[in-house]
Amino acid sequence: MTTVVDERAEKSESPAESGAPGRRGPTLSLYGWLMTPGVAVLAVLSIIPFLALVTMSFSRVGLLGGVSLEWAGLDNWSRVLSDPDMWASWGRTAVYLAATLGLEMLLGIGIAIALHSVVRGRGLLLSLILLPMFVAPVIVGLLGRYLTDSTFGLYTSLLRSVGYDGDILGGTTSAFIAVVLMDVWEWTPLIALIVLAGLSGVNPSVLEAAAMDGAGYWRTLLHIVMPSIRGILLVALLIRAMDAVRYFDIIYVTTNGGPADATKTIPIRLFETAFRFFDLGYAAAIGLMMLVVTILIAQAFVRLLGTKGQTS
Amino acid sequence: MAALADFSAKEAPLPRSGPFRPAPRGTRRSYSRRGFLRAGALGAGALAAPSLLAGCGDDGTAAVPPLEPGDDKWRRFAGTTINFISENTAPTAAIAANLQPFTQLTGINVQIVNLELSALVQRVALDLASGDAAYQVIYADPYQVLAPYSAGLVDLREFLEDDSYPPVEGGLDDFIAVQLDAAGRFSEDAPVYALPYDCPTMIWQYRQDLFDRYGNQMADALGHDVTPGPDRTWEEYYAIADWLNQNADEVAYGSGHQAKQHDSLMNDFSNVLWAAGGDYFEAGQEVGLLGMEDPGECVLDSEESMAAADFYASLLEIAHPASSTWDWDGVGAALRAGEIAMCPNWHEFAASNEEALPGKISYAPLPRGPARAANMYGGCGIGISTNAEGAERGAAWLFVNWATSPEVQLSNLKSSAGGGTPTRRSVYALEQVQQAETRPSDLPNMLTADAVFTAWEPQNIGLRPKIPMWNECDTTIFTELSKMIAGESSPSEAMTSAKSSIDSIVQRGWVA
Amino acid sequence: MSTGSAHQRSGPASQLVVYAVVAVALLWTLVPLVWMLMGSFKNSADVTAKNPAFFFEPTLANYRGLFGGANDLVPYLWHSVVAAGVSAVLSLVLGTLAGYGLARSAMRGKHHLSFWIISTRMAPIAAVVLPLFLMFRLVGLIDTLPGLILAYMSFNLPFAIWLMSAFFADIPPSLEESAMVAGCSRWQAFWHVVLPLSKAGLVTTGVLCLVFAWNDYAFATVFAGPNSQTLPIAASQLVTQTGIDWGQLSAIGTIVVLPMILAGLAVRRWLVTGLTLGAVTGE
């Protein structure tokens, strides 16, 4: 996808491609050529759909006998901004994002610290803990449903034995917690992996020196280890945040937004608008709004990364 | 697909299912053997050795040369391959497990794509938009496909009135009338967009053993007859559920419902709504039968509708608490697992009920309310994409004709893959089928016959609005109901809010 | 990886805490997976038993049903392997080239270009699917493996470019410069000096692209048809009107998950350096 700013970026690429005579000439050209195939494929796959999306967002879209567009002015946009259900979904999405990312950070760091203190068999333990991140989200969702089924779910029967008698995916709060935990189950390992690598990568002598200074373990962690992995942690969070806004597989196969809309996050609402109601103009407006929000989140992360830009 | 054919060859012995071509006039009962021989002679001749059938479909298309035009109406498109996109329902599972006879008969290969309903709707809409048919035969859910996309479906009179095609056996009159209108037509009397293919209908499913054991005791305690049947009222259903909650230890709860935030919740609620005299639109049941573009104002805020919502909320309060996580599968599984003593559910679950709890589950029409009894009809037809062209278009019709024929409807009923019940009156008239209506039954879905026949009477059938924007209205309805059940809104708030949303959805109109 | 020395400071008490945390983490992680694996060997009664069945008579019926019954899984498996494999390789190749170009180029607006690249990965799936669908239809790519591969590249390619460029940015340009002093061309310096140093990055990127594509569900529901269905689609198809066959679903889940777990574990060592190279050793 692109924005106005990015289109400028597109244009500014062309001098590099054409070899920018007078500057470093041939070398620049090589880099330009190296970029061309990838960027070109990406451009085709993203710029055309983006433009189509913008057009659709100002139209009523008919499907039969080939797509037809009927000018609708700002209808879709005024609806997307004034629909209270939509704002409720945004609120839910924000809570979902904060809860998943927060828990993943907290648990990931905790697990990494614990693993780091294990002397023997760390490799094996890490391997086991990593497993969930390779599981397809749709399988995570289906497995989650199986485990929390009110009749034969393993987790349901465990909760029953400690006195919980509700239904996990039936209650509004419990269903929301359940889908958050499914996401947390899948992605905490990624954070743990990264933090552990950070811990392992810190020069032991630095830690020794910190110990000499009398700095406690936690202070060392906070002041020496964390800053050194801040960059990659932010990148991981960025990717997670983007995907958490985008992906809907887990919720789609578990609650599909219910009960009582408790898990109807924005991507679920978008999917429903596009492929249940086929209100494609409205869906385009929702999609673009999502894109703007995601880009803002990404910008915020990039700014947090500060001068340590990943690509510089 | 080759393996599919292989599977069918092993699981469903061919002689029993027959070759499914309309019998020569006047020889209805002998279709099996004669058609069998004929198909064998015309086809690859491999029928006698089922194990050879595996590669037959693929080889058949390439190897069998087209016959002389006009020689056999069933074989004029031999060698064509068509795709059938269907909801993953029991009848399609039965057909998928037994496609070989069709290939034998016509030389046409059929690939079946089975999808969950919402995925199906998505694919169909995209396919219609593409202007080029990837799927020639479409499972046309009346509410989610037919109403919004009737313009993308072929008016089947094109084939019905053309005698270069084999005729529909028994004519359109052999279909159950209300089903042909509800599943096959949209907004007008004449055009037929789909032929009725399955006919799930919601009925009262209950544990016969528990009613036998507690019936008298219950009747004494409650002061009224408790035998499930068309004379019971929803109030009495409530009282029975409540009594069973407290007195029957065999089950956790008396009643269970498909009250997940899902289409199923709208279905479950509608039975109560209509029984109470409420409805979705001013146009009432008329909008359910033929359907229309503009159904008028939403009447969910009427006194009757509100009363229905009130009652439904209280019914769910005493129902199994997991009801709010169950769709029809969930509540069906719960009944089979002995969690609940009764539930309203689709009649097609009878076969799996009988397998899990043989002899223990019986069926009745749903209770009535102050206004009437209403049994939600959920049948679908199959139709043809207007994008289908040439031989594929004709081949698609042959498949539609075949798949809805009495022979195939009968074989679905018998299928071990758990088919549904027929959409053809003539099949219900067969002796072997009628015998199966009582235990011991070798066609357990027929145990529901009495209940569904009552349900299909025009005054008892429940038809949801057939309007192009139903999907969105449906979502609004089950979302508001879900909030009501979760205690987040009162019944009257739920209905008022649903009404205002639906009015604005309908007002926005539909661009197909 | 260094062995680390933080643990030396931990007393026995905190060591106990450490093991408790690890044990809980292991349970939390593994129970669902083990339960799925067990479920795949249960018969239909055990798999939905009201009291979870820990001991049961194992059966292969679920697997047999997947490969011999009405749902023959082999074509699905093949489509998944081809679509995910090819899209990962193509994304890796194009992503490596573009990533290197991006990392070394000194052009103006590089940050914008780089941000645009990653922003393409933020596209809301359900919204872009329709325009992509129409484009693909125009050129006949619907329901084909090339179409699916291209669809997967729409999210894998930006990811690969971005990750690889982070890698290359981390390799000091002085290395290439000295190689060029020794007589290499720019390309040779890249091929013989830079690439071998980026093994961890290549492996990490490749495997993650593979995992993302293999696990995709949303794109496949739209772009795959009868001739290109993938495994996650097969899994969702087991959710049918007459109920969910949890035994078969567990079996299919196991089949979907196992190759990715094996791939992931095979490259775990690189994954750690791969994912963290830029942040940990850089700056």
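The values are calculated or read from the model by the stated rules, or taken from the named source; none is laboratory data. Keep in mind that what you see is a predicted model, and the values were worked out from it rather than measured. Cβ coordinates were reconstructed from backbone atoms using ideal geometry, including for glycine residues, and neighbour counts include every protein chain displayed.
Before moving on, here are some points about what is shown:
- Within the range A:123-143, restricting attention to residues that are within 21 Å of C:THR230 (Cα to Cα) and not hydrophobic (A, V, I, L, M, F, W, C), the residue that is farthest from the other protein chains (Cβ to nearest Cβ) is A:GLY141.
- Any hit, the range C:57-74, residues being within 19 Å of the chain's Cα centre (by Cα), touching a residue at least 60 places away in the same chain (Cβ under 8 Å) and more than 8 Å from chain A (Cβ to nearest Cβ): no
- C:ARG121 falls short on exactly one of the conditions (1) within 7 Å of chain A (Cβ to nearest Cβ); (2) farther than 21 Å from C:VAL203 by Cα, and that condition is (2).
- Residue list for the range A:257-284, restricted to those being free of Cβ contacts under 8 Å to residues at least 60 places away in the same chain, assigned to a loop (DSSP other than H, G, I, E, B) and either more than 9 Å from chain B (Cβ to nearest Cβ) or surrounded by fewer than 24 Cβ atoms within 10 Å (Cβ to Cβ) (or both): A:ARG276, A:PHE277
- Qualifying residue in the range B:80-98 (condition: crowded, with 24+ Cβ neighbours inside 10 Å, away from chain A (no Cβ under 14 Å), part of a helix (DSSP H, G or I) and more than 26 Å from the chain's Cα centre (by Cα)): no
- For the range B:423-442, the set of residues classified as of a type outside the set (Ser, Thr, Tyr) and either within 14 Å of chain C (Cβ to nearest Cβ) or in contact (Cβ under 8 Å) with a residue 60 or more places away in the chain (or both) consists of B:ARG424, B:ARG425, B:ARG439, listed by residue number.
- Residue match in the range B:186-201 (condition: assigned to a helix (DSSP H, G or I) and in contact (Cβ under 8 Å) with a residue 40 or more places away in the chain): no
- Close pairs from the range C:17-37: first farther than 16 Å from A:LEU154 by Cβ, partner of a type outside the set (D, E, K, R) and not in a helix (DSSP H, G or I), Cβ under 7 Å, at least 6 apart: C:VAL18/A:VAL118; C:VAL18/C:SER10; C:VAL22/A:VAL118
- Taking the listed residues B:ALA449, B:ALA498, B:ALA436, the one that is closer than 30 Å to A:GLY171 by Cβ and of a type outside the set (Phe, Trp, Tyr) is B:ALA498, with no other qualifying.
- Enumeration of residues in the range B:378-393 that are buried (at least 24 other Cβ atoms within 10 Å of the Cβ) and either out of contact with any Ser or Thr (no Cβ under 9 Å at 6 or more places or on another chain) or away from chain C (no Cβ under 14 Å) (or both): B:GLY381, B:ILE382, B:GLY383, B:ILE384, B:SER385
- Residue list for the range B:336-357, filter: within 14 Å of chain A (Cβ to nearest Cβ), at pLDDT 95 or above and more than 20 Å from the chain's Cα centre (by Cα): B:ILE340
- Scanning the range A:111-122 for residues that are free of Cβ contacts under 8 Å to residues at least 12 places away in the same chain and facing chain C (nearest Cβ under 7 Å) yields A:ALA114, A:SER117, A:VAL118, A:VAL119.
- Lone unmet requirement of (1) facing chain A (nearest Cβ under 7 Å); (2) in a helix (DSSP H, G or I) for C:TRP162: (1)
- The listed residues are A:GLY91, A:GLY141, and the only one of them that is at pLDDT 90 or above and surrounded by 20 or more Cβ atoms within 10 Å (Cβ to Cβ) turns out to be A:GLY141.
- Search result, residues across the range B:232-284 that are more than 13 Å from B:TYR214 (Cα to Cα), aromatic (Phe, Trp, Tyr) and over 21 Å from the mean Cα position of the chain (by Cα): B:TRP234, B:TYR237, B:TYR238, B:TYR253, B:TYR280, B:PHE281
- Those residues of the range B:247-263 which are buried (at least 23 other Cβ atoms within 10 Å of the Cβ), over 16 Å from B:GLN205 (Cα atoms) and either among the polar types (S, T, N, Q) or not assigned by TED's automatic domain parsing to the domain that holds B:PRO370 (or both), in sequence order: B:GLN261
- Only listed residue being under 18 Å from B:TYR363 (Cα atoms) and not β-branched (Val, Ile, Thr), chosen from B:GLU286, B:GLU236, B:GLU282, B:GLU250: B:GLU236
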